[in-house]
1. Which pairs break 26 Å Cα to Cα here: A:K31/A:K261; A:K31/A:K103; A:K261/B:K276; A:K126/B:K276; A:K126/B:K274?
2. When the Debye formula is applied to the Cα atoms of region B:14-272, each taken as the same point scatterer, what base-10 log of I(q)/I(0) results at q = 0.15, 0.17 Å⁻¹?
3. For chain A, what size does the Cα cloud have along each of its three principal axes, sorted from largest down, in whole Å?
4. Hey, got a sec? Which trypsin sites (Lys or Arg not before Pro) in region A:115-171 land in a DSSP loop and have at most 12 other Cβ atoms within 10 Å?
5. Which distance in Å, rounded to a whole number, links the C-alpha centroids of region B:175-219 and region A:95-128?
6. Just how many % of Cα pairs in the protein assembly as shown lie over 30 Å apart, if you round to the nearest whole percent?
7. If Rh is defined by the Kirkwood formula over all Cα pairs and Rg also comes from Cα, what ratio Rg/Rh do you get for region B:58-115?
8. Quick check: Cα centre of region A:213-264 to Cα centre of region A:1-71, how many Å?
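FYI, it's all coordinate maths here, none of it is from the lab. These figures come from a predicted structure and were not determined experimentally. Positions of Cβ are backbone-derived with ideal geometry, glycine not excepted, and every protein chain shown enters the neighbour counts.
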Amino acid sequence: MNSIPLEVSELSKSFGGGRMFPWQEKKEPIKAVDNVSFQIKRGEIYGLIGANGSGKSTVVRMISTLLTPDAGSVRVFGFDIERDELEVRRLLNRVSPDPSFFKNMSALENLLFFARIYGMGSDEIKRKSFEILSRLDLGDRIREPMLHFSRGQQQKVAVARAFLTSPVMMLLDEPTTGLDPASKLEVQNFIREVRADHDATVLLTTHDMDEAERLCDRIAFLVNGRIVTEGTSLELRSQIANGRPVEEISMETVFLEITGKTIEEDEEVLVHG
Amino acid sequence: MASVTNRAFGSGSSWALSMAFVERQTNLWKRYWGWELVWLVYGVVNTVAITLIADQAGAVSGQDVSQFVLFLLIGTLVWAYLSAVLDDISLVVQWERWEGTIEHTLMAPVPRSLHLLGMSVFGILHGLIRTVLIFAIALLFFDIDFGNVDVLATVAVVLVGSVSVAALAILAGLLPLLYPERGAQMSMMVQASLLLISGVYYEVDVLPAWLQVFSFISPATYILDGIRGAMIEGESIVDVADTLAILALFGMIMVPMSLWAFNWAERYAKRTGKLKRMG
């Protein structure tokens, strides 16, 4: 096992394009991820920024071993996601944009299941679940069914689920989607805390520029499945500064000048285009 | 770097990983108790209604039909059991798609064989409990002599036969991985076909010859044959040894085949992006 938490090399993925029977019309495949490469250093929070449909979740799904790449490779601490699937799964966990729980089961029953399948014991799960949910202001609701929780509260339990197993590589796929500003800040602070306390490395996808700037050590812009630039927030600002003071340049401006469109415009093209 | 792996790798044994699925299914079962009640009532009504056909035959012919009553009762109970096992296990993919949890479950570091083992253990236990309850309630409607029953042989046939039924359910359960829109309905077709060819309500001899061929490759045929032998004819475990051997052979072939097929279907779904898709 090597020391690089995540190495993504020339990763590509297309959907569709096949046909089951010869008489069916053959459709053109849609390229979701196109030759993406990046590396994350230990303890780093790396942000993949892009509009909805830019390929962020597809990259996360491939790293999570839920999608097979068409080309390229992904290594988590040196383990290949295809060859060493089980080892990779032991090292990571994920927060998805939709909380995804057994809605009639309680928060604790859900956490018990999702942590037991990572090999944790019941007592440890109960203790840690209560600690994490209390930290997220949900400790007193641990035995309530998930369907009694608001969307934002469910997302907090989803964050708890992911951190419960103490993964060394955390994939946060739009973790604050659907949260109100106060909860968003709470979750963001929690992510920073956990990173510091547990030596976790984080890949964060978001289309929230403030969140990216607040949390990420390095940021990459993903447009139409391709990484168009990468660097620290300062480096990205400097790329377009042209004599302007970098602290006056917002990340929205950086995205606009580098990609030629705002993140909202990029989303509209994907939705309507 | 050793510390990284040590911290992340859980200490759970294989059995504990499988039991996590049993515990989850039990929690779901408790939360959906209304559905359980519906299925129990349906099972009782179905069992009683079909078994009453034998009573009607007796009334019409004026002959002793006590064996026919037991024949139909065993058929309906075994079918209630097989349906419960097939339903529970074959929903392995479809239920999680419905809840939206499939990706979080399938990305966990649990070998698929242990995942499916847990689902199978729950399916068999759940099926047994429901069937025993149906049996107990149905007995209130009939006066049946169980003097001939060989309990040991009956239990042995149920347990050995359950292995191949679980494997069959896994095969049915992978269909939604291949066909997100129609997979669940296709699983139902597998169940319906078993009902037709396995001699649930009649001897397989009454099937057209070409259909009888299929009855030979259905483990349910041998389960029904073995249980009827043990409960109606009073056959001992030695008498049903041939049936047990055939069922064991089915299990030895079907378990690895179903695991291989499920893994293949999962790889296909991951290649084509169909894992989470509902339709």
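1. Too far apart for the 26 Å limit: A:K31/A:K103; A:K261/B:K276; A:K126/B:K276; A:K126/B:K274.
2. With no solvent term, the Cα-only Debye profile gives -1.12, -1.38.
3. Extents along the principal axes: 59, 53, 41 Å.
4. For trypsin sites (Lys or Arg not before Pro) across region A:115-171 that sit outside H, G, I, E and B with at most 12 neighbouring Cβ atoms in 10 Å, the list reads A:R143.
5. The two parts, judged by their Cα centres, are 37 Å apart.
6. Roughly 57 percent, once rounded to a whole number.
7. Reported Rg/Rh (Cα atoms, Kirkwood Rh): 1.39.
8. 22
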